[in-house]
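S.K.: Could you have a look at this structure, given as structure tokens, before my questions?
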Amino acid sequence: MQAIILAGGFGTRLPLDGGMPKPMAPVAGRPFLHWLLDFLLSQGVTEAVLCLHHRHEIIREYFGETFDGMRLRYYIEEQARGTGGAIAAALAQLAPREPVLALNGDSLVQLDYRAMLAAHARAGRRITMAAHRVEDCGRASKLTVHNGEVLRFELLGGAGGGIISAGFYVLSPDVFDGFTLPDVFSFERDFLSPHVPSLLPAAYEAVEYFIDIGTPEDYARAQTEVPQRMSAPYLVREGLLNP
């Protein structure tokens, strides 16, 4: 199982020293990215490409070429190419024959990866999106879902509850085939949002837990929640250990 991790964020809203990249923000004494890679391992991911930009050397020096047996590759953006450009470059580096996972390095989305991959295969779509029901869609992209299909993708969800994109995707290797895209583009704004009617991504709504450390409030919450939800008893109880 292969994964692409978007880990080039600045973390300007967080209390980080020395311009540390956001995925390296300390959570309970360990970088957030360390917790995230631990979860990828628990789900059977064997290889990951980390797409880096801001202070990329910090991440590469910390993790090296392997993480407890998981092979790590790096795509270094000297100039930011946007999330879409980074995913396209990482796909070219992996040259996958099977669907790959794409996720953000500043979010933890706990779900059964193999179950989501199986759902992707059944749906027969280029994209399957992790969809999460929340009470406030204000900070996230809101989805309109019907019969397991994403019919609409709104970049700003607005006030009120609904279903949001958790920023976690299964992508088929041909996801960008047939589309004319620039070298620099946003995966959500420039690709997903305008092309949802033709792509009709599948929605996977079995998210067990989701947190994004992008705000001081959620970062503070992560200090206790992430270690609790990464404990072995919790993962076993929720059926989230898939070595």
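The values are calculated or read from the model by the stated rules, or taken from the named source; none is laboratory data. Please read these numbers as outputs of a predicted model, since none were measured by experiment. Note that each Cβ is placed from the backbone with ideal geometry, even for glycine, and that neighbours are counted across all protein chains shown.
S.K.: For the range 94-153, enumerate the residues that are in a loop (DSSP other than H, G, I, E, B), under 21 Å from Leu6 (Cα atoms) and basic (Lys, Arg).
M.R.: Result: Arg97, Arg126, Arg139.
S.K.: Give me the residue from the range 45-81 that is part of a loop (DSSP other than H, G, I, E, B) and among the small types (Gly, Ala, Ser) and, out of that set, surrounded by the most Cβ atoms within 10 Å (Cβ to Cβ). Spell out the reasoning first.
M.R.: Residues of the range 45-81 that are part of a loop (DSSP other than H, G, I, E, B), as a first pass: 45-46, 53-55, 64-65, 68-69, 77-81.
Checking the rest, the ones that are also among the small types (Gly, Ala, Ser) come to 64, 69, 80.
Details: Gly64: 8, Gly69: 7, Ala80: 13.
Looking at residues that are part of a loop (DSSP other than H, G, I, E, B) and among the small types (Gly, Ala, Ser), I get Ala80.
S.K.: While we're here: Restricted to the range 214-243, and to residues that are basic (Lys, Arg) and under 21 Å from Pro31 (Cβ atoms), which residue is nearest to the chain's Cα centre (by Cα)?
M.R.: At the first step, the residues of the range 214-243 found to be basic (Lys, Arg) are 221, 229, 237.
Among the residues that remain, those that are also under 21 Å from Pro31 (Cβ atoms) are: 221, 229.
Values: Arg221: 19, Arg229: 17 Å.
Looking at residues that are basic (Lys, Arg) and under 21 Å from Pro31 (Cβ atoms), I get Arg229.
S.K.: Ok, one more. Scan the range 187-217 for residues that are in contact with a strand residue (DSSP E or B) (Cβ under 6 Å, 6 or more places away or on another chain) and of a type in the set (D, E, K, R) and report the count.
M.R.: 3
S.K.: Okay, moving on. For the range 148-164, enumerate the residues that are under 23 Å from Ala88 (Cβ atoms) and modelled with pLDDT under 90. Let's see the steps before the verdict.
M.R.: Going through the range 148-164, the residues under 23 Å from Ala88 (Cβ atoms) turn out to be 150, 153, 155.
Of everything in the range 148-164, those that are under 23 Å from Ala88 (Cβ atoms) and modelled with pLDDT under 90 turn out to be Phe153, Leu155.
S.K.: Does the range 50-71 contain any residue that is touching a Leu at 6+ places or on another chain (Cβ under 7 Å), of a type in the set (D, E, K, R), more than 27 Å from Asp112 (Cβ to Cβ) and without any contact (Cβ under 8 Å) to a residue 12 or more places away in the chain?
M.R.: Looking for residues that are touching a Leu at 6+ places or on another chain (Cβ under 7 Å), of a type in the set (D, E, K, R), more than 27 Å from Asp112 (Cβ to Cβ) and without any contact (Cβ under 8 Å) to a residue 12 or more places away in the chain, one finds at least one in the range 50-71, hence yes.
S.K.: Of (1) over 19 Å from the mean Cα position of the chain (by Cα); (2) of a type outside the set (A, V, I, L, M, F, W, C); (3) surrounded by 13 or more Cβ atoms within 10 Å (Cβ to Cβ), Ser172 satisfies all except one. Which?
M.R.: All conditions pass for Ser172, except number (1).
S.K.: Something else: Does Val109 fit the bill of being closer than 23 Å to Leu235 by Cβ and either modelled with pLDDT of 95 or more or of a type outside the set (Gly, Ala, Ser) (or both)?
M.R.: Numbers: closer than 23 Å to Leu235 by Cβ: yes; either modelled with pLDDT of 95 or more or of a type outside the set (Gly, Ala, Ser) (or both): yes.
It is true that Val109 is closer than 23 Å to Leu235 by Cβ and either modelled with pLDDT of 95 or more or of a type outside the set (Gly, Ala, Ser) (or both).
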